[in-house]
1. Return only the number of the condition from (1) out of contact with any Gly (no Cβ under 6 Å at 6 or more places or on another chain); (2) within 25 Å of residue 79 (Cα to Cα) that residue 45 does not satisfy.
2. Exactly one of these conditions fails for residue 68: (1) surrounded by 10 or more Cβ atoms within 10 Å (Cβ to Cβ); (2) modelled with pLDDT under 85; (3) assigned to a strand (DSSP E or B). Give me its number.
3. What residue, among those in the range 24-65 that are over 16 Å from the mean Cα position of the chain (by Cα) and of a type in the set (D, E, K, R), is surrounded by the fewest Cβ atoms within 10 Å (Cβ to Cβ)?
4. Looking only at the range 50-60, decide whether some residue is part of a strand (DSSP E or B) and touching a strand residue (DSSP E or B) at 6+ places or on another chain (Cβ under 6 Å).
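The values are calculated or read from the model by the stated rules, or taken from the named source; none is laboratory data. The shown structure was predicted, so the numbers you read here are calculated from the model rather than taken from an experiment. Cβ: placed from backbone, ideal geometry, glycine included. Neighbour counts: every protein chain shown.
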Amino acid sequence: MAFGIHSLGYDPAIQQYYVQDNTTARAFPLVDVFFNGKFKRGRFFVKYHNLQQAITGLGYLPTPTYRGQGNILDFGFDLILFD
């Protein structure tokens, strides 16, 4: 038994979402893995978004025919340069 919902359609011409009932979006879990830390004068983080897609090769469609964010590695840091 497949679970799905009727997702909103998107019309780029008017840049608005609308209610549609033609396409059913299947349920898809999003799995994010992240690590953050702090050192003497700063902070950092590393995040891998959508690990499920990297493993299975399947993405998700939040709206029909428009795919969601793919898997991506994100990182950042923050340095404090004053006392």
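1. Status for residue 45: all satisfied but (1).
2. In the conditions (1) surrounded by 10 or more Cβ atoms within 10 Å (Cβ to Cβ); (2) modelled with pLDDT under 85; (3) assigned to a strand (DSSP E or B), residue 68 misses (3) alone.
3. For the range 24-65, the residue satisfying everything is 40.
4. Looking through the range 50-60, none of the residues is part of a strand (DSSP E or B) and touching a strand residue (DSSP E or B) at 6+ places or on another chain (Cβ under 6 Å).
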